[in-house]
1. Relative to the longest principal axis of the chain, what angle (0 to 90°, nearest 10) does the C-alpha long axis of helix 202-216 take?
2. Taking H as built 1.01 Å from N, whose amide H comes closer than 5 Å to the amide H of T378, not counting residues under 5 places away?
3. Taking R0 as 41 Å, what FRET efficiency do you get between D165 and D49 from their Cβ-Cβ distance, rounded to the nearest 0.05?
4. What's the angle, to the nearest 10 degrees (0 to 90), between helix 400-413's Cα axis and the longest principal axis of the chain?
5. How big is the chain by Rg and Dmax over its Cα atoms, in Å?
6. What's the ranking of 202-211, 144-153 by average number of surrounding C-beta atoms within 10 Å, highest first?
7. Taking the Cα centre of the chain as origin, sum charge times position over the Cβ atoms of Lys and Arg (+1) and Asp and Glu (-1), and report the length of that vector in debye to the nearest 20.
8. In nm, give the distance between the simple-model label positions of N398 and A371, each being 7 Å from the Cα along the Cα-to-Cβ direction.
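Read the figures in this text as sums done on the coordinates, not as results from a lab. Since the structure is predicted, the reported quantities are computational estimates derived from the model, not experimental observations. Note: ideal-geometry Cβ built from the backbone for every residue, glycine included; neighbour counts use all protein chains shown.
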Amino acid sequence: MPLPPISVRHGAIQDADADALIVNLFAGVAEPGGATVAVDTALGGAIRDLIRTGDLTGAAGEVKVLYPRGTIPARRVLVAGLGPADAFDVHAARRAAAAAARAARDLGAASLATIVHGAGIGGLDAERAAQATVEGMLAALYRYDAPKQKKDEKAVKTIEIVTLDGAQLSSVEAGAAVGAAVADGVALARDLANGPPNICTPGHMADTARRIATDVGLDVEVGDRAWAAGYGMGAFLAVAQGAGHAPAFIVLSHNADRTDVPTLVLVGKGVTFDTGGISIKPSEGMEAMRGDMAGAAAVLGAMQAIGRLRLPLRVIGITPCTENMPDANAYRPADVITASNGKTIEIISTDAEGRMILADALVYAARFQPAAVVDLATLTGACVVALGQNIAAGLFSNDDALAGRLLAAGDASRERLWRLPLWPEYHEAIETERADMKNSGGRQGGVATSAVFLQEFTSYPWAHLDIAGMMEQKKVWDLGPAGATGYGVRLLVEFVRGWAVA
Ligand code: BES
Ligand code: MN
Ligand code: ZN
């Protein structure tokens, strides 16, 4: 389902002609201010009536509907709760925008007009507030209905952002443009991760990368088995050798030829379906492994946004894509594999396939002489055990400054990270007599032993994000429906933007 287009207008919100007009309210406020009081006055005090009766409290997530009965052109007024003023931030604005958009859509509203949450009394930077408003609304309106013959007829067709403050207009326009670019990247990542593995194959990932390259002006290269063999990518090819669908090693480049700006490399795990291979997973719940390419999806979504926003850096996105299948040709436990840096790996579990394909991608990343490399991977169930589901991704880094930038981007985007240790002591768990290392360190500390494995293939400031717990939501949540979250797109765009200004 395509996301609705966003327009920005200078004017008074109460004059908007829309199916739903959206204003807001802080918790515990008896007398609304700003745009909300302007609408309330036009409605003859109806909003204040709701507050007085206790039917409208301003709590975060709350949305109340009023019917203007011809007092203003809009068909409905929605008041979104911002939560308490002292806890208000960009994310509270994003959440309120999302809740209002979802409520309006569910009522059947096709045209929305909204104020910028937080830009007035909220005291947020107008550009940031507009970005958050657009990100939140579009994230909530996202729906994956491609495979359904009968689409839900309730759909928002247009969104108008209205600002009364003419001095803020250009900031609001700029923020709305960033928000729309980010939201489109999130939707792309969600579409890929929601896509079933018979449709979202490595070839589909490659086609998507080519389309992004054309749309926003990036360079793209797609390596097949022979290409990977030319680089000696034994680890990537080991996982791919049991796959029926051809693998694709995708490289997208933004500002490929610029030598005057630093280079960042983003790497995403692209296992389009993880059966575990010969170390096969239990069948119950295996369907969740459709999302084992969520890291690659986030990188493709972020690269689309980065290209569209023309961020002033050289950014390379690398997504090794393959299925992990059991097959007569599949790699097996006890195999010894040579990666593209010459290091040998004894296979203990073919289900530890993510670190195998990332190994060759991390070696390949070095050729771009990066200032930093960040990989995103649905790498371990152990990370979910450690940090929980939909709480934070695990962050490992060999560089404190890089880790600090990522943690800051995680806070600003509210795609949170929690740093975990990359201590050399973890290395013992992956030592073996039979090769330079083995691909599984066993159960204890599984999230960290996978990170020290990856470190063997790095030679630059590097960070690894284990996003296994972040790839999907089981039910409708603050920023979207059940299903793939698109986690990482907002984080990566924020990280790259932060690097560009510093
Ligand atoms: N893709 C899985 C990890 C995963 C689990 C992601 C749950 C999302 C939700 C990964 O390839 C895997 O199978 N990891 C193994 C590693 C083990 C064999 C060392 C795991 O976590 O059990
Ligand atoms: Mn696996
Ligand atoms: Zn996997």
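1. Orientation of helix 202-216: about 50 degrees from the principal axis.
2. K269, A294, G295, I467
3. 0.90
4. Tilt relative to the chain: about 40 degrees.
5. When restricted to Cα atoms, the chain yields Rg and Dmax of 23.9, 81 Å.
6. 202-211, 144-153
7. 940 debye
8. Those two pseudo-labels are separated by 1.9 nm.
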